[in-house]
1. Mind counting the residues in segment A:1-15 that are more than 10 Å from chain B (Cβ to nearest Cβ), modelled with pLDDT of 70 or more and exposed (fewer than 14 other Cβ atoms within 10 Å of the Cβ)?
2. Report, by residue number, each residue of segment B:148-165 that is surrounded by fewer than 21 Cβ atoms within 10 Å (Cβ to Cβ) and of a type in the set (Lys, Arg).
3. Among the candidates B:Ala85, B:Ala35, which residue alone is within 11 Å of DNA strand D (Cβ to nearest atom) and modelled with pLDDT of 95 or more?
4. Which ones in segment B:21-51 are acidic (Asp, Glu), farther than 18 Å from B:Asn66 by Cβ and open to solvent by less than 40 Å² (accessible area, probe 1.4 Å)?
5. Against the definition (more than 21 Å from the chain's Cα centre (by Cα), open to solvent by less than 20 Å² (accessible area, probe 1.4 Å) and under 30 Å from B:Glu99 (Cα atoms)), how does B:Ile186 come out, yes or no?
6. Which one is most open to solvent (accessible area, probe 1.4 Å) among residues in segment B:66-76 that are free of Cβ contacts under 8 Å to residues at least 24 places away in the same chain and more than 9 Å from every other protein chain (Cβ to nearest Cβ)?
7. Looking only at segment A:169-180, decide whether some residue is under 26 Å from B:Glu90 (Cα atoms) and assigned by TED's automatic domain parsing to the domain that holds A:Trp135.
8. Out of A:Gly24, A:Gly29, A:Gly59, I need the residue that is away from chain B (no Cβ under 13 Å), touching a helix residue (DSSP H, G or I) at 6+ places or on another chain (Cβ under 6 Å) and under 15 Å from A:Arg161 (Cβ atoms). Which one?
Number of protein chains: 2
Amino acid sequence: MKQSGRTTLTPGIVEQLSLDIAEGHIEPGQKLSEAMLAKRFGTSRGPIREGLRRLEERGLVSFHPNIGARVATYSVKDYIHLFQAREAMEGMTAKLAAESMSLDDKTILRTVFHEHEKQLMNQPDSPYDQDPGDWDFHYLIAKRCGNPILSSLLCDELYQRIRLCRKQHCNTPGRGVRALKEHRRILEAIEENDGELAELMMRRHIAAARKVLESFLLANPTTIK
Amino acid sequence: MKQSGRTTLTPGIVEQLSLDIAEGHIEPGQKLSEAMLAKRFGTSRGPIREGLRRLEERGLVSFHPNIGARVATYSVKDYIHLFQAREAMEGMTAKLAAESMSLDDKTILRTVFHEHEKQLMNQPDSPYDQDPGDWDFHYLIAKRCGNPILSSLLCDELYQRIRLCRKQHCNTPGRGVRALKEHRRILEAIEENDGELAELMMRRHIAAARKVLESFLLANPTTIK
DNA sequence: CGAGGCATAATTGTCAACAATCTAATCTTA
DNA sequence: TAAGATTAGATTGTTGACAATTATGCCTCG
């Protein structure tokens with residue numbers, strides 16, 4: 001595939017592969033053969049390698065010299081550590097959102113919340129890794145908090161890694177209705193421009209999820225798919 | 001340069017370039033010619049490009065199609081945003097450090113603090129970007145907080161970007177003795193295993209630095225070097 | 001003298017080939 | 001038969017070459 005206009009091949013490869021990995025179309029730990037990927041994307045190995053290097057930096061791929069790239073795998077400890085980082089960063093995004101998010105975005109956030117509510121009414125005990133409503137809520141706050149540095153760190157890096165963990169350590173329990181109630185409090189705090197409360201609620205929300213995770217994962221040491 | 005043993009070229013290039021950029025041997029915004037870098041490292045352009053892609057993902061380099069790579073530049077707003085992210089993440093590292101850092105590391109932390117103290121006695125008004133004592137304190141806490149995810153995000157990504165900002169928007173004022181006093185409180189909280197207090201103190205410390213930065217940068221709109 | 005256009009040079013994006021390393025299948029031998 | 005060595009195949013790491021694009025210098029023209 002030759003060069004076309006002002007675009008370049010690598011960004012597209014990164015985006016597509018990142019999606020495939022986060023959505024689970026490629027399993028954690030799976031080998032990523034450069035020749036295979038080159039064939040799939042219709043390019044040579046050069047742009048593929050550049051893309052893999054970027055994904056390596058995002059923590060989605062790991063390189064081993066002379067052996068090649070694999071989809072990253074995370075230990076149970078790493079999973080917990082990701083949640084600790086999330087707690088700190090998302091607490092801040094909730095605070096910023098409350099303090100400076102546009103009214104339009106806050107309206108959208110409420111819509112997302114109601115979608116989550118409806119979805120939960122229909123199937124109240126959906127497992128954690130099939131709960132897009134919960135996910136959309138957090139994603140929107142992170143994306144529109146007004147701090148692009150935090151948005152990028154969370155949306156491009158942390159979230160994808162956590163999705164990887166969920167695929168790997170499957171059957172992680174969701175928190176269903178309790179999570180929704182906590183979302184309501186966060187939403188209200190954001191709507192009332194109460195940054196301090198929004199941060200506190202978000203941190204409690206994520207800390208609670210982390211604790212459920214901890215007890216579950218320690219009870220079931222290796223639920224590796 | 002051919003392949004030698006189990007190592008590969010890219011990691012060394014990344015490490016060296018990252019250092020050069022963070023330490024200011026290469027100016028923000030400067031062009032990074034692939035041919036020049038290849039000559040300098042004694043390799044072909046392949047490994048250079050792979051390294052640049054990784055640095056791009058770290059926010060130290062920006063690519064422009066058909067034009068090439070430059071050392072990243074950050075706006076004043078980005079500088080503030082980096083401090084907001086830092087506040088959230090370093091607050092958490094201080095908390096974790098207080099709760100689970102080894103005694104040996106806490107001893108080292110006290111030594112680093114005293115070094116900072118001595119350094120400040122000798123030259124009390126060193127500018128912000130020539131204040132390694134302050135820096136070492138934060139770096140050690142981040143590195144040894146026990147959460148490798150946070151350590152890596154802070155040490156490999158955020159800190160380097162902030163150093164870039166300091167080079168670009170120079171003459172940022174330091175906070176001298178006041179910063180040291182706040183460090184003492186953080187240190188004491190960590191030594192007493194008081195995670196909650198350590199986090200609070202660290203957040204105030206960084207928020208205070210951010211506010212000084214805000215008023216200074218808004219007063220001197222473009223102090224671009 | 002300055003603005004705009006053209007040709008040339010330099011640089012980037014991509015590719016295909018080569019050398020080094022790893023993988024596996026087969027063969028040998030105890 | 002099982003363990004180890006050996007060899008052929010496949011994959012990675014690196015390189016140099018070529019096409020596309022951009023930057024530079026020169027020239028023309030107003």
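1. Final tally of qualifying residues: 1.
2. The one that is surrounded by fewer than 21 Cβ atoms within 10 Å (Cβ to Cβ) and of a type in the set (Lys, Arg): B:Arg163.
3. Details: B:Ala85 fails: within 11 Å of DNA strand D (Cβ to nearest atom).
Going through B:Ala85, B:Ala35 in turn, just one is within 11 Å of DNA strand D (Cβ to nearest atom) and modelled with pLDDT of 95 or more: B:Ala35.
4. Result: B:Glu50, single match.
5. Working: more than 21 Å from the chain's Cα centre (by Cα): no; open to solvent by less than 20 Å² (accessible area, probe 1.4 Å): yes; under 30 Å from B:Glu99 (Cα atoms): yes.
Considered against the rule, which asks whether it is more than 21 Å from the chain's Cα centre (by Cα), open to solvent by less than 20 Å² (accessible area, probe 1.4 Å) and under 30 Å from B:Glu99 (Cα atoms), B:Ile186 comes out as no.
6. In the first step, residues of segment B:66-76 are kept if they are free of Cβ contacts under 8 Å to residues at least 24 places away in the same chain; the result is B:66-67, B:75.
When the remaining residues are screened for being more than 9 Å from every other protein chain (Cβ to nearest Cβ), the result is B:67, B:75.
On the way: B:Ile67: 108, B:Ser75: 54 Å².
Once the filter is applied, the top-ranked residue is B:Ile67.
7. We begin by selecting, within segment A:169-180, every residue under 26 Å from B:Glu90 (Cα atoms); these are none.
No, that holds for no residue.
8. On the way: A:Gly29 fails: touching a helix residue (DSSP H, G or I) at 6+ places or on another chain (Cβ under 6 Å); A:Gly59 fails: away from chain B (no Cβ under 13 Å).
Going through A:Gly24, A:Gly29, A:Gly59 in turn, just one is away from chain B (no Cβ under 13 Å), touching a helix residue (DSSP H, G or I) at 6+ places or on another chain (Cβ under 6 Å) and under 15 Å from A:Arg161 (Cβ atoms): A:Gly24.
The values are calculated or read from the model by the stated rules, or taken from the named source; none is laboratory data. Predicted, not measured: the structure shown is a model, and the values here were computed from it. With ideal geometry, Cβ positions are generated from the backbone for all residues, glycine too; neighbour counts draw on all protein chains shown. Quick note on the areas: whole protein, heavy atoms, side chains included, nothing else; ligands and nucleic acids left out. Shrake-Rupley method; radii C 1.70, N 1.55, O 1.52, S 1.80 Å.
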